[in-house]
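Notes for the one structure printed next.
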Amino acid sequence: MKFKNAAVVGAVALTAALALAGCSATSTPSASTTPTADAGVTYKVDPTLTGTLTAGGSSAQANAQTAWTAAFKAQATGVTINYDKSQGSGGGVTNWLAGSYDFAGTDSSLNPTQVTSAQTTCGAGGGLDIPAYLSGVAIIYNLAGVSNLKLSSATIASIFELKITTWNDPAIAADNAGVTLPATPITVVTRSDGSGTTANFTKYLKDTQPSIFTQANGTAWPVPGTSGQQGGAGVVNTVTAGAGTIGYADNSSIGSVTAAQVQVGTSKKFVAYSQTGATNAFEAAATAAPTGTGDLSETLDYSKITNTDSYPIPLLSYVVACTTFKDAAQAKLTKAYLSFILSDVGQKVASVNAGSAPLPTSILKEAVKSLALIK
C-alpha cells in the first residue's frame, strides 16, 4: 500500500510501529500486548522535538494511543507522552477543561456547555474536536455453550433496558434459530464512569429502537440496576469473569471475550465487527456538525445504517485541543503529535495495532486544516 503523508512535520523519516507481536490487522489486539517498532512505512517528524505531553480520556483509544506513542517516539526520542486511559472520555474532557491536559481523547464531541467552557480554558478561539479514531462498539457476552450469538437491535435494546432477563427469552431464541439457550439469568454490565462509548451505544439504541429504549442517550448509563464498572477494561473483565453476562466495549479492548453478531437494520443479515464494516457504517451515518471554525464534530444517525456490508454500531472518537496554547512550545509539540495521528501512516498504525478503521481521506484533509489553527 502506498501512503501519502497528510501532515508532514520536519525532515527525518520515522519508522512507524506497524505490528504487534502475534497480532494481525484483522484480529482484536490484546490489551496486554506491546507494539513493536518494525520497519515498514515512513513519516517525517522533527527529531529535535523535546518535552512532555500530558493527556488522557477515551479508553477506546488506549491501544491506538500506545501504538501512536511508540511510533512517534521512535524518532522523537526526546519526547515523553503520557496518556491516562483510566479517566474515560468524561474524565479526559474534565481534566482538559481544567487545564491539566494538553489534549483529551473522547468518544463524544464537546457538548454545548463544554464548548462554552473551552473558551475560558483556551481563549476566544475555544477548542477543536478532531476525529482521530474509528472503531465499533462490540456487544460482548459470556454464556456457556453459546459461541455464535446473534442479536437484533430490538433484542439488544430490550436486554439493556432490563426487559429481557433470561437467556432463553423468546426474543433471543428468535434471533438464534436452532441454538439451545439456557435459562441462565442475564447480568447486564455497563460503564459506571462518564463514557463516550456509552454515549455512542445509547445513541445507537435510541436511534434504532426508540420505542424500546426510552432513556435519554448520553455519557452516563441511564438504566438503574445494571452492574456498573469503571472503564472499558472494567466492563470487559466483569463480562469475562462472569456467567450469563453481557456488556459493551470498544472492539479494540475486548481481548478473548466473545462478541455477538449484530443485525443490520431490518435485514436478515447479522454481522461481526470489521474495519470495512465500520468505514461503511460511518459513511452512511455521519453528518458534519461543527461547533465553530475548524471544529470537525460529526453526528451519527445509526438508523441510516442499512447496508449489509456495514457494522451497525460504529464508534467515532476524537482528540480535543485548544486553538491557542499559553505555551508556544506545548502548542508545537501537541500539533506535531496530533499531525502524526491524523496522517495516513498514523491511521495505519492504529489499524494494525488496535484493529480500527482508517478515517476517510476527506476527514484527514480537513484535520490538517484544523491543526493549522493551533498556535
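Quick check on my filter: what residues within the stretch 334-369 are hydrophobic (A, V, I, L, M, F, W, C), outside any loop (DSSP other than H, G, I, E, B) and farther than 19 Å from residue 251 by Cβ?
Passing the criteria: 336, 338, 340, 345, 363, 364, 367, 368.
Check residue 198 against each of (1) surrounded by fewer than 18 Cβ atoms within 10 Å (Cβ to Cβ); (2) under 22 Å from the mean Cα position of the chain (by Cα) and name the one condition it does not meet.
Only one criterion is unmet by residue 198, namely (1).
When the residues of the stretch 266-305 are filtered to those that are surrounded by fewer than 20 Cβ atoms within 10 Å (Cβ to Cβ), charged (D, E, K, R) and in a loop (DSSP other than H, G, I, E, B), which remaining residue is nearest to the chain's Cα centre (by Cα)?
So, considering only residues that are surrounded by fewer than 20 Cβ atoms within 10 Å (Cβ to Cβ), charged (D, E, K, R) and in a loop (DSSP other than H, G, I, E, B), the one nearest to the chain's Cα centre (by Cα) is 301.
Using the structure shown, decide if residue 324 is among the polar types (S, T, N, Q), assigned to a loop (DSSP other than H, G, I, E, B) and in contact with a Ser or Thr (Cβ under 7 Å, 6 or more places away or on another chain).
no
Identify, by number, the condition in (1) over 18 Å from residue 160 (Cβ atoms); (2) assigned to a loop (DSSP other than H, G, I, E, B) that residue 221 doesn't meet.
(1)
Only one of (1) over 19 Å from residue 272 (Cα atoms); (2) touching a residue at least 12 places away in the same chain (Cβ under 8 Å); (3) surrounded by fewer than 17 Cβ atoms within 10 Å (Cβ to Cβ) is not met by residue 211, so which one is it?
Only one criterion is unmet by residue 211, namely (2).
Scan the stretch 82-103 and report the pairs whose first residue is closer than 17 Å to residue 234 by Cα and whose second residue is surrounded by 24 or more Cβ atoms within 10 Å (Cβ to Cβ) and charged (D, E, K, R), with Cβ atoms within less than 7 Å and a gap of 6+ or a chain change.
Close Cβ pairs satisfying both conditions: 89/107.
Here are some conditions: (1) under 21 Å from residue 233 (Cβ atoms); (2) over 18 Å from the mean Cα position of the chain (by Cα); (3) not aliphatic (A, V, I, L, M). Residue 125 meets all but one. Which one does it not meet?
(1)
Hey, can you tell me all the residues within the stretch 140-155 that are under 18 Å from residue 243 (Cα atoms) and outside any strand (DSSP E or B)?
Matches in the stretch 140-155: 143, 144, 145, 146, 147, 148, 149.
Residue check: is residue 256 in a helix (DSSP H, G or I) and either at pLDDT below 95 or touching a helix residue (DSSP H, G or I) at 6+ places or on another chain (Cβ under 8 Å) (or both)?
The answer is no for residue 256.
The values are calculated or read from the model by the stated rules, or taken from the named source; none is laboratory data. Every value quoted in this text rests on a predicted model; they were computed, and no experiment measured them. Quick reminder, even Gly has a Cβ in these numbers, built from the backbone with ideal geometry, and neighbours come from all protein chains shown.
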